[in-house]
1. Please report the carbon-and-sulfur percent of the accessible area for segment 159-289; probe 1.4 Å, protein heavy atoms only, DNA, RNA and ligands left out.
2. Kindly work out what percent of the DSSP beta bridges joining two residues of segment 222-279 are antiparallel, to the nearest 5.
3. One-quarter of the Cα convex hull surface for segment 119-274, in nm²?
4. Taking every eigenvalue of the Cα gyration tensor of segment 178-248, multiplying by 5 and rooting it, what semi-axes result, largest first, whole Å?
5. Return one quarter of the surface area of the convex hull spanned by the alpha-carbon atoms of segment 72-117, equal to its mean projected area, in nm².
6. Say the cut-off is 27 Å between C-alpha atoms; which of Lys180/Lys281; Lys132/Lys281; Lys198/Lys281 go over it?
7. What is the antiparallel percent of DSSP beta bridges lying wholly in segment 25-130, to the nearest 5?
8. Which peptide among 95-106, 189-200 comes first, and what is the full order, when sorted by highest mean count of other Cβ atoms within 10 Å?
Amino acid sequence: MKFKRRRLLSSLLGFFTGVGTAATGPVASRASEREIEAKTVEELFRAIGSNRTIKLTAPRYDLSELTAALSWTNANFENDTLTIFGVENLRIVGDRESKPFVLTPYEYSPVLNFVNCRQIGVEGIEAGHWPKKGICSGAVVHLENCDRVEINHSVLFGSGSIGIRGDRVSNLSCDGITIKECTAHIFAYFNSSGLQVKNSDFYNNEGRYLIYLVRSEEPFQFENCSFFRNNFNRELVSFLVDTIPENTPVQFVDCTIENNNITAISEQPLSLEFINTYIDKTGFEEESP
């Protein structure tokens, strides 16, 4: 089934507005960046700071090798969690082809936790919980009170709960990412605004709501994304999208939604807009738009 509605919500195409009180001050230019190579997880930890690019050149970074005794100006490793806080214009970059692993064995902890940060980029990594899947708060990437975040060309896997969780976040964009094997949500967005995702794949996830938006403001747009082989909890009513309040608009452009075991697309189908999007209802329990 192909949807070709051309009504565009102007707010979905507007410029993002910020929320929260992330780090303030002028945004640093790319010319002012330092480039630091990190060959070990401790070198990664000690390289964290503002106005720099950290290049990950090793194949694997195991966060369990860090200890709570380590402390740094903009990072700590407390409660088995790497927390990066108060930085601006930081990029963590791996090779797009080989994608170095960034792993944690602590299933209750996020893999990467950003707090009070601004203009953050993560690119070319494969991150997740290993060997155990995360539970409860164990997101792969957790953003709290952050503005202007880009996550590109990366794989987020096996979080057990959430691929990307945002609390009081504005202007999150993702391009060319894969989120797989989560058991609650691929995105969970609370009291936040502005989410744009394109050229991305979401598969082999479980849970009740794949995309969960709570008290958050548009625009929310998925463009050229594929949702497939997601198997939801058959003991519960399950949806691809759930929003609170119910009239939060979400737009799907040039997407493919197929081979998912799910109750329906949403409890609030009128808040969703499908433009040139293919939906295969095989596996749906209820009629969807």
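The values are calculated or read from the model by the stated rules, or taken from the named source; none is laboratory data. These numbers come from a predicted model, not from an experiment. Every residue, glycine among them, receives a Cβ derived from its backbone with ideal geometry; neighbour counts consider all protein chains shown. Side chains are part of the model used for accessible areas, which takes the heavy atoms of the whole protein and leaves out ligands, DNA and RNA. Shrake-Rupley method; radii C 1.70, N 1.55, O 1.52, S 1.80 Å.
1. Ligands and nucleic acids excluded, carbon and sulfur give 40 percent.
2. Values: 0 of 14 bridges.
The answer is about 0 percent antiparallel.
3. Numbers: hull surface 31.8 nm².
With every direction weighted equally, the projected area is 8.0 nm².
4. One finds semi-axes of 19, 16, 9 Å for segment 178-248.
5. Taking a quarter of the hull surface, the average projection is 4.0 nm².
6. Long pairs (Cα-Cα over 27 Å): Lys132/Lys281.
7. On the way: 6 of 30 bridges.
Beta bridges within segment 25-130, antiparallel portion: roughly 20 percent.
8. On the way: 95-106: 17.3, 189-200: 21.5.
Packing order, densest peptide first, comes out as 189-200, 95-106.
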